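The values are calculated or read from the model by the stated rules, or taken from the named source; none is laboratory data. Quantities reported herein were computed from a predicted structural model and do not represent experimental measurements. Positions of Cβ are backbone-derived with ideal geometry, glycine not excepted, and every protein chain shown enters the neighbour counts.
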Amino acid sequence: MIENLAAGVQAFTSNAFLVAGEPGADSPPRNDANDANDAGRRVLVDAGSNFDVVARIGEHVEDLDAVVLTHTHPDHVGNLAAVRDAFDVETWGFDASLDQVDNELPDGGTVTMGTAEYEVLHTPGHKDDHLCLYAPEAGVLFAGDLIFQNGGFGRTDLAEGDRDALIRSIDRVRERLDGDLREMHVGHGPSVLDAPGEHVELAVRSARMG
């Protein structure tokens with residue numbers, strides 16, 4: 001189960017994805033005594049901002065095992081303090097020197113979310129600490145603010161933005177995909193569940209032309 005907890009929020013926020021159980025499965029039953037085993041490692045990917053994400057997490061699971069950050073722009077971490085307080089949970093991200101990151105996820109490392117293992121890809125260009133998370137066996141990519149639907153790509157006019165680095169990062173993701181990408185979950189806008197690899201290819205071309 002991968003659930004966008006920011007769906008329908010009108011305030012300025014990133015998406016915030018709750019990952020529990022098998023990708024593509026329905027939400028695990030909240031009060032099932034065996035839920036913890038079925039859900040695997042319950043992880044929030046980005047915390048979003050300006051809405052009550054704690055309440056939305058509670059609609060699906062009773063506890064949380066970790067928060068993984070694609071990067072630390074304010075719209076992705078604005079709710080983080082509330083999540084930490086509510087669930088007594090630690091965070092993982094690329095740069096553990098930042099206040100929002102308790103534990104380092106190094107480039108080339110792995111992290112378990114739900115029941116799937118994700119590869120960690122350092123993908124700067126939008127922000128220096130940006131990560132993408134890819135599960136080859138499950139065919140799932142969390143693209144953060146690197147790639148969006150219909151060939152969109154992350155802005156590079158903010159601090160730490162670098163268009164050339166962004167293009168290299170998109171290329172790296174495109175080359176790593178094994179051709180069986182089934183789901184791409186992005187930092188803003190809808191997830192891409194129909195031929196997401198085509199959207200990655202389009203983003204490469206669009207970033208070079210933009």
Subject >> From the options 168, 163, residue that is charged (D, E, K, R), touching a Ser or Thr at 6+ places or on another chain (Cβ under 6 Å) and farther than 21 Å from residue 2 by Cβ >> reply: 163
Original post:
Which of the residues that make up the stretch 102-115 are under 25 Å from residue 56 (Cβ atoms) and either buried (at least 21 other Cβ atoms within 10 Å of the Cβ) or not hydrophobic (A, V, I, L, M, F, W, C) (or both)?
Top reply: 102, 103, 105, 112, 113, 114, 115
Subject >> Looking only at the stretch 175-210, and only at residues there that are in a helix (DSSP H, G or I) and in contact with an Asp or Glu (Cβ under 7 Å, 6 or more places away or on another chain), the one that is farthest from residue 126 (Cα to Cα) >> reply: 196
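Give 80, 158, 166 a once-over and let me know the one that is over 13 Å from the mean Cα position of the chain (by Cα), closer than 17 Å to residue 202 by Cα and among the hydrophobic types (A, V, I, L, M, F, W, C). Outline the logic, then answer.
Numbers: 80 fails: closer than 17 Å to residue 202 by Cα; 158 fails: closer than 17 Å to residue 202 by Cα.
From the options 80, 158, 166, the qualifying one is 166.
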Original post:
Which condition does residue 14 not pass, out of (1) among the hydroxyl-bearing types (Ser, Thr, Tyr); (2) out of contact with any Pro (no Cβ under 8 Å at 6 or more places or on another chain); (3) over 26 Å from residue 139 (Cβ atoms); (4) surrounded by 14 or more Cβ atoms within 10 Å (Cβ to Cβ), if it passes all the others?
Top reply: (3)
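To keep it simple, each residue is scored yes or no on (1) among the aliphatic types (A, V, I, L, M); (2) out of contact with any Phe, Trp or Tyr (no Cβ under 9 Å at 6 or more places or on another chain).
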residue: 2; (1), (2): yes, no
residue: 5; (1), (2): yes, no
residue: 8; (1), (2): no, yes
residue: 15; (1), (2): no, yes
residue: 22; (1), (2): no, yes
residue: 44; (1), (2): yes, no
residue: 91; (1), (2): no, yes
residue: 99; (1), (2): no, yes
residue: 102; (1), (2): no, no
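Name the one entry in 128, 95, 75, 107 that is within 19 Å of residue 16 (Cβ to Cβ) and acidic (Asp, Glu).
75
Would it be correct to say that residue 163 is modelled with pLDDT of 95 or more, of a type in the set (Lys, Arg) and within 26 Å of residue 110 (Cβ to Cβ)?
Working: modelled with pLDDT of 95 or more: yes; of a type in the set (Lys, Arg): yes; within 26 Å of residue 110 (Cβ to Cβ): no.
Criteria not met by residue 163.
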Subject >> Residue under evaluation residue 183, criteria (1) crowded, with 23+ Cβ neighbours inside 10 Å; (2) of a type outside the set (Val, Ile, Thr); (3) closer than 14 Å to residue 17 by Cβ, criterion not met >> reply: (1)
Original post:
Tell me, which residue of the stretch 148-169 that is in contact (Cβ under 8 Å) with a residue 40 or more places away in the chain and in contact with a Leu (Cβ under 8 Å, 6 or more places away or on another chain) is farthest from residue 20 (Cα to Cα)?
Top reply: 166
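Within the stretch 116-158, track down each residue that is of a type in the set (Lys, Arg) and surrounded by 19 or more Cβ atoms within 10 Å (Cβ to Cβ).
If we filter the stretch 116-158 for residues that are of a type in the set (Lys, Arg), which is where we start, we get 127, 155.
The one that is of a type in the set (Lys, Arg) and surrounded by 19 or more Cβ atoms within 10 Å (Cβ to Cβ): 127.
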